[in-house]
Amino acid sequence: MPIRKLLIANRGEIAVRIIRAAREQGIATVQVHSAADADSLAVKLADEAIEIGPAPAAKSYLNIDALLAAARQSGADAVHPGYGFLAENATFADRVAAAGLTFVGPSGDTIRLMGDKVAARRVAARAGVPTVPGSDGLIADLEAAKDVVAEIGFPVMIKAAAGGGGRGIRIAQDVSEFERLFPQASAEAQAAFGDGGLYVEKVIERARHVEVQILGDGERALHCFERECSLQRRRQKVWEEAPSAALSPETRSALCKSAVKLAASVNYSGAGTLEYLYDEATGAFYFIEMNTRIQVEHPVTEWVTGIDLVGEMLRIAGGRPLRLRQDQVTLRGHALEVRLNAEDPAKDFLPGPGTVSDLRLPGGPGVRFDSLLYPGYSIPPFYDSLLGKLIVWGEDRGHAISRLKSALAELEIAGLATTAPLFAALVEEEDIKEGNVHTRWLEHWLETNAAKLA
């Protein structure tokens, strides 16, 4: 049954994005907010707004009871979780469904299965999708972990089974380092996710991070090609693009087909992303995890395919089957996205929320800016530092980089430091222009190029 009224269980730029997609389909919107977000752009744009608690996320955006109460109060018949917060929380999806509401995303069972990285690896193996060499499941203790490491060899990555956002991850180069880092990773995972379970993977040297966007309606799945997210700082993506500059047509086809096969094997419903490591030296790719939600970087896929991914999520959740066949999904041009955070790259990315005293957004053909900003808005210090995403499209990758450089020169966010100087420097780098990057490239570059960010 089509959605009539949508409660948005999130904040910031993704809440604004969801409101716009819902409005196009004639769906009324209800924006929940903490006390700190009463003046947010999403609150101003939504049809209704309901305060659900004080500033701390644990008492507002992570408070399932408060969110469900807001849904009952407003008469919403569906809930969109966005990304982050409760977007991949199986219990939240279960409780939304138990309340008679539509969860815009996969079922709690699917989130539970694919959100557990160890379980997801097993599903991938059953579907015939290659995974990074490592432990078959959760590792019982340090001694068992050392047995796995002895078999796959160093360097290895210790990873939280319930993890995300780069937390609960350590890289060990030898046995002594492994023994020291293993309990640290478990403690961080326990604190961040309430689950200290770990597994171990072989580190793929100079790997590229490539992910495939999929859509499914529970009966059929298709892919919307891939994105590359290799430029990362502390395992947090900062620059994304579609398509990847590294893949041959043959590898792209094999990669995307493997993602569809894996999504179909779990009868996936909604938008999801399957993440891979790509070994450019060998041409091999390995599945690492699935994100059962919309991604921050979804706009680059929207631009090269012409598909409104958030809009499709709403249609699928409303009971409609996929509107497209795989042969109708085609690539056109190249898109780039850079994440603008309230951080000062000249001061080791020190967070610095403040008030937007002036705002000048870039425009023209092929330029998009998804954000939570408006002049006079005071950035709350309680949440993620993401302010917005500058996305550009070009006829090819070189054109897109040129357009990004021009858009960055036009962008002005006065009143606080942002990461814009980082991207202004990166667009001048030959490795960036040529696409010669990997997941550790940016951190190595920052070690010797900090002066360019002042």
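The numbers here are math on the coordinates, done by the rules we state, and not lab data. Just so you know, these numbers come straight off a predicted model, no measurement behind them. Note that each Cβ is placed from the backbone with ideal geometry, even for glycine, and that neighbours are counted across all protein chains shown.
Report, in whole Å, the centroid distance computed from the Cα atoms of the range 76-119 and the range 123-186. Each part reduced to its Cα centre gives a spacing of 27 Å.
Cβ-Cβ distance of H399 and D65, R₀ of 35 Å, FRET efficiency by 1/(1 + (r/R0)^6): the value works out to about 0.10.
The fewest-to-most ranking of R360, R252 by surrounding Cβ atoms within 10 Å reads R360, R252. Within a straight-line Cα-Cα reach of under 21 Å, K146 can be paired with the following lysines, leaving aside sequence neighbours fewer than 8 residues apart in one chain: K117, K159, K202. Here are labelled values, (1) 40, 23, 22; (2) 81, 25, 16; (3) 31, 27, 24, and one is the computed semi-axes √(5λ) of the Cα gyration tensor in Å for what I pasted. Which one? Read-out taken from this structure: (3). Once the Cα-Cα distance is subtracted from the 0.36 nm per residue extended length, the A414 to K261 segment shows a gain of 50.4 nm.
What's the FRET efficiency of L45 with D384 using the Cβ-Cβ distance as r and R₀ = 22 Å, to the nearest 0.05? Efficiency, from the Cβ-Cβ distance: 0.65. Applying 0.36 nm per residue to the separation of L359 and N436 and subtracting their alpha-carbon distance, the gain on full extension is 24.4 nm. Within straight-line reach of K261, meaning a Cα separation under 19 Å, sit the following aspartates and glutamates at least 8 residues removed in sequence or on another chain: D109, D116, E211, D217, E219, E226, E250, E275, E289, D327.
As a proxy for reagent exposure, K237, K433 were ordered by neighbouring Cβ count within 10 angstrom, fewest first; the result is K433, K237. In straight-distance terms, cross-link reach from K433 covers every one of the lysines whose alpha-carbon lies under 25 Å from its own, apart from those fewer than eight places away in the same chain; here that gives K237, K389, K405, K452.
As a proxy for reagent exposure, S40, S230 were ordered by neighbouring Cβ count within 10 angstrom, fewest first; the result is S40, S230.
The range 5-104 has equivalent-ellipsoid semi-axes of 17, 16, 12 Å, by the square roots of 5 times the alpha carbon gyration tensor eigenvalues, sorted largest first. Charge dipole of the chain (Cα centre as origin; +1 on each Lys and Arg Cβ, -1 on each Asp and Glu Cβ, all else neutral): 1000 debye, rounded to the nearest 20.
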